[in-house]
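Q: Below is the structure I would like to discuss, written out as structure tokens.
The values are calculated or read from the model by the stated rules, or taken from the named source; none is laboratory data. Keep in mind that what you see is a predicted model, and the values were worked out from it rather than measured. No Cβ is skipped: glycine too gets one built from the backbone with ideal geometry, and neighbour counts run over all protein chains shown.
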Amino acid sequence: MPRCRCAGPSSPWCPLAESDDPDDELLSRLGRGEPQAARELVARKLPRVLALAQRLLGQRAEAEEVAQESFLRAWKQAPQWRRGEARFDTWLHRVVLNLCNDRLRAPRRRHEQPTDALPDAVDPAATPEQHYADRRMSQRVAAALAALPPRQREALVLFHYQELPQADAAALMGISVDALESLLARARRSLRATLADGGPP
């Protein structure tokens, strides 16, 4: 085994450290330019990337643009990816968050409202009236989510919709777990109040 001059193989930043990242092998293949690896990466990650971006942006078209840019960055990063330094999922989430936040800060977005709601699972036994009611509720939740302060929305999306552990969501946001819990509590209160008042749309 090659000798390492860093803090040692037990260090999380050592390129020779043991890694439990399930994406390491795929990234190695992607770094070697294997076309099949690129297709596998998209198939594996696209649904969650799109879901995260659309929950934050409220626009399907913009979410697709963010997903495309995120994968382009992943392909560029793959040849330099150092095994054991970070989990790829964590890195990819951070890229998506940054791209979404850049768009949310843009002046043209300040007064925009979401036009798309994420599709929910369809109950084949539901009546047309139930389908309509479910879609209306999905639209209301999407609009209420979009109306939250950005940090509250980000915390809620990462924890509830992306189903990240609190520690991982807090690390991605650069805050403590206690601060994350505070953001989540405020976000839940706001959503409950908005929906109870018959809020948007």
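Q: Which condition number in (1) touching a Lys or Arg at 6+ places or on another chain (Cβ under 9 Å); (2) modelled with pLDDT of 90 or more; (3) not β-branched (Val, Ile, Thr) is the one that Ala51 fails?
A: (1)
Q: Only one of (1) part of a helix (DSSP H, G or I); (2) surrounded by fewer than 16 Cβ atoms within 10 Å (Cβ to Cβ) fails for Glu163. Which number is that?
A: (1)
Q: Being of a type in the set (S, T, N, Q) and within 18 Å of Leu30 (Cα to Cα) is the filter; apply it to the range 47-92 and report the residue that is farthest from the chain's Cα centre (by Cα). Outline the logic, then answer.
A: As a first pass, look at the range 47-92 and keep what is of a type in the set (S, T, N, Q): 54, 59, 68, 70, 77, 80, 90.
If we keep only those that are within 18 Å of Leu30 (Cα to Cα) as well, we get 68, 70, 77, 80, 90.
Values: Gln68: 14, Ser70: 11, Gln77: 18, Gln80: 23, Thr90: 9 Å.
Residue satisfying both the conditions and the ranking: Gln80.
Q: Select from the range 132-160 the residues that are farther than 25 Å from Leu46 by Cβ and loosely packed, with under 14 Cβ neighbours inside 10 Å and write down the one among them that is modelled with the highest pLDDT.
A: Residue satisfying both the conditions and the ranking: Pro149.
Q: OK, next. Do any residues in the range 89-110 that are in the same structural domain as Arg153 (by TED's automatic domain parsing) and in a helix (DSSP H, G or I) have Cβ atoms under 8 Å from those of residues that are crowded, with 20+ Cβ neighbours inside 10 Å and modelled with pLDDT of 95 or more, where the two are at least six apart or on different chains, and which pairs are they?
A: Partner pairs satisfying both residue conditions: none exist.
Yes/no per residue for (1) at pLDDT below 90; (2) farther than 24 Å from Arg73 by Cα:
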| site | (1), (2) |
| --- | --- |
| Glu112 | yes, yes |
| Asp120 | yes, yes |
| Leu172 | no, no |
| Leu180 | no, yes |
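Q: Could you run through the range 31-48 and say how many residues are crowded, with 17+ Cβ neighbours inside 10 Å and either touching a Lys or Arg at 6+ places or on another chain (Cβ under 7 Å) or of a type in the set (Gly, Ala, Ser) (or both)?
A: Restricting attention to the range 31-48, the residues satisfying the condition of being crowded, with 17+ Cβ neighbours inside 10 Å are 37-38, 41, 45, 48.
With the extra rule that they be either touching a Lys or Arg at 6+ places or on another chain (Cβ under 7 Å) or of a type in the set (Gly, Ala, Ser) (or both), the set shrinks to 37-38.
Residues in the range 31-48 being crowded, with 17+ Cβ neighbours inside 10 Å and either touching a Lys or Arg at 6+ places or on another chain (Cβ under 7 Å) or of a type in the set (Gly, Ala, Ser) (or both): 2 in total.
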